[in-house]
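Worksheet: one structure, shown below.
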Amino acid sequence: MNDVILGPIISEKSMKNANSGKFTFKVAIKADKNQIKKEVSNKFKVDVVDIATIIMKPKRKRTFQRRETITPSWKKAIVKVKSGQKIALFDLGSSKK
């Protein structure tokens, strides 16, 4: 499998979790936890402690012309790294208070 990590998920919740060492990624639907761990540690040079994976169910969406479309299902991985390590994709610089 070539691309295990499809991209980071940047949301309020994922950025809040990034402060505590948990980083959220969109991953390939057939990727298992061992493949995700290996890819994250090689790509970002961090030590992975724990991984949680969730398969997001498809959802129905209404378009402007009253047609229904269904979004495809996808897989999300929440990766916990060793304390003190960060992934640069989730760094906002200075935090506002």
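The values are calculated or read from the model by the stated rules, or taken from the named source; none is laboratory data. Not measured: the values here are computed from a predicted model. Cβ coordinates were reconstructed from backbone atoms using ideal geometry, including for glycine residues, and neighbour counts include every protein chain displayed. Heads up: the accessible areas ignore ligands, DNA and RNA and are worked out on the full protein's heavy atoms, side chains in. Shrake-Rupley method; radii C 1.70, N 1.55, O 1.52, S 1.80 Å.
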(1) open to solvent by 100 Å² or more (accessible area, probe 1.4 Å); (2) in contact with a strand residue (DSSP E or B) (Cβ under 6 Å, 6 or more places away or on another chain): which one isn't true of I51, the others all being true? (1)
In segment 48-77, which residues are farther than 17 Å from V4 by Cα and part of a loop (DSSP other than H, G, I, E, B)? K57, P58, K59, T63, F64, Q65, R66, R67, T71, P72
Which listed residue is within 12 Å of A77 (Cα to Cα) and modelled with pLDDT under 95, from S20, S14: S14
From the list K30, K80, exactly one residue is in contact (Cβ under 8 Å) with a residue 12 or more places away in the chain, outside any loop (DSSP other than H, G, I, E, B), open to solvent by 60 Å² or more (accessible area, probe 1.4 Å) and within 18 Å of I5 (Cβ to Cβ). Which is it? K80
Taking segment 33-43, which residues are surrounded by fewer than 18 Cβ atoms within 10 Å (Cβ to Cβ) and not basic (K, R)? N34, Q35, S41, N42
Mind checking whether some residue in segment 3-20 is in contact (Cβ under 8 Å) with a residue 60 or more places away in the chain, open to solvent by less than 90 Å² (accessible area, probe 1.4 Å), in a loop (DSSP other than H, G, I, E, B) and touching a Ser or Thr at 6+ places or on another chain (Cβ under 9 Å)? yes
